[in-house]
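I have placed the structure first, in the form of C-alpha cells, so that the comments after it can refer back to it.
The values are calculated or read from the model by the stated rules, or taken from the named source; none is laboratory data. Worth saying up front: this structure is predicted, and the values here are computed from it rather than measured. Positions of Cβ are backbone-derived with ideal geometry, glycine not excepted, and every protein chain shown enters the neighbour counts.
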Amino acid sequence: MKARKVKGLDPGAPLRENAGRIVCVRLAELRSFLPVALEEDQVSAQHDMRIAAKRLRYVLELTEDCFGRSGGESRKQARQLQRVLGDMHDCDVLMPLLERRLARGPDRGLQLIVSRLEARRRELLDDFRALSAEQERAEGVWERLDRAAASAAGTNNAASLGNRG
C-alpha cells in the first residue's frame, strides 16, 4: 500500500504545523479502510489498515507532544490496532501454508493447528471490531486527534488538508 502524499509541508514552518498536516493525512488514511476492514474476508483491507496504523503510530512517536494529551493516547491506540491486525495477518499468512501441506496428505496434528489458527483468527477479528468501535465512538480517540492535528496545522477543517477520501 502506497502512502498518501502530504500536501503543503513547509520546511520553514514550525514542527507542530507540519506534524499536524502529516497526522491529518495519516489518520484519514487509517480511517479510510473502515468499514470494509471490519468484514471477515477483507484480508487485504485489514493488512493495509495495519500498515496505515503503523505509519500513524511512527509519526506520533516523534510528534505526539504537538497534540497534547490526544497525541499520546492516539499513539497507544494505533499500537493496539497495529498489534491486533498484525496478529490477524500472521494467521492469514500461516494458514494457507499449512493447508497446502495438508493437501499432500492427512496430518491430525497439523489439522488441529489449522483449526486453532482459524479460531484464533475469529477471536482476533472480534477484538479488532471491538477496538475499532471503541475508537470510533462519539468524541472517540480519532476525532480528538483529528481536531488537535487540524488545529496544529493551522486550520479547523482537517478535510481541507486533503485527508478525506
Identify the residue in the range 134-146 that is without any contact (Cβ under 8 Å) to a residue 40 or more places away in the chain and not small (Gly, Ala, Ser) and, among all such residues, is farthest from residue 37 (Cα to Cα). 139
The range 27-36, subset in contact (Cβ under 8 Å) with a residue 40 or more places away in the chain and part of a helix (DSSP H, G or I), residue surrounded by the fewest Cβ atoms within 10 Å (Cβ to Cβ): 31
Please state which one of 44, 70, 74 is in a helix (DSSP H, G or I), over 20 Å from residue 124 (Cα atoms) and within 13 Å of the chain's Cα centre (by Cα). 74
Restrict the check to the range 13-30 and report whether at least one residue is in contact with a helix residue (DSSP H, G or I) (Cβ under 9 Å, 6 or more places away or on another chain) and closer than 19 Å to residue 125 by Cβ. yes
Residue under question is residue 119, and the condition is that it be out of contact with any helix residue (DSSP H, G or I) (no Cβ under 8 Å at 6 or more places or on another chain) and in a helix (DSSP H, G or I); does it hold? yes
Whether any residue in the range 3-10 is modelled with pLDDT of 95 or more, part of a helix (DSSP H, G or I), out of contact with any Phe, Trp or Tyr (no Cβ under 7 Å at 6 or more places or on another chain) and not β-branched (Val, Ile, Thr) is what I want to check. no
Can you tell me which residue among 60, 38, 15 is out of contact with any Lys or Arg (no Cβ under 7 Å at 6 or more places or on another chain) and at pLDDT 95 or above? 15
Take residue 52 and tell me if it is among the hydrophobic types (A, V, I, L, M, F, W, C), surrounded by 21 or more Cβ atoms within 10 Å (Cβ to Cβ) and farther than 21 Å from residue 134 by Cα. no
If I go through the range 127-150 residue by residue, how many of them are modelled with pLDDT under 95 and polar (S, T, N, Q)? 1
Go through (1) of a type in the set (Lys, Arg); (2) free of Cβ contacts under 8 Å to residues at least 12 places away in the same chain; (3) surrounded by 13 or more Cβ atoms within 10 Å (Cβ to Cβ) one by one and return the number of the condition residue 104 breaks. (3)
Between a residue in the range 1-26 that is closer than 16 Å to residue 145 by Cα and any residue that is aromatic (Phe, Trp, Tyr) and surrounded by 17 or more Cβ atoms within 10 Å (Cβ to Cβ), which pairs come within a Cβ distance under 9 Å, given they are 6 or more apart or on different chains? 16/67; 19/67; 20/67; 23/67
Working carefully through the options 131, 85, 81, 112, find the one that is assigned to a helix (DSSP H, G or I), more than 24 Å from residue 17 (Cβ to Cβ) and free of Cβ contacts under 8 Å to residues at least 12 places away in the same chain. 112
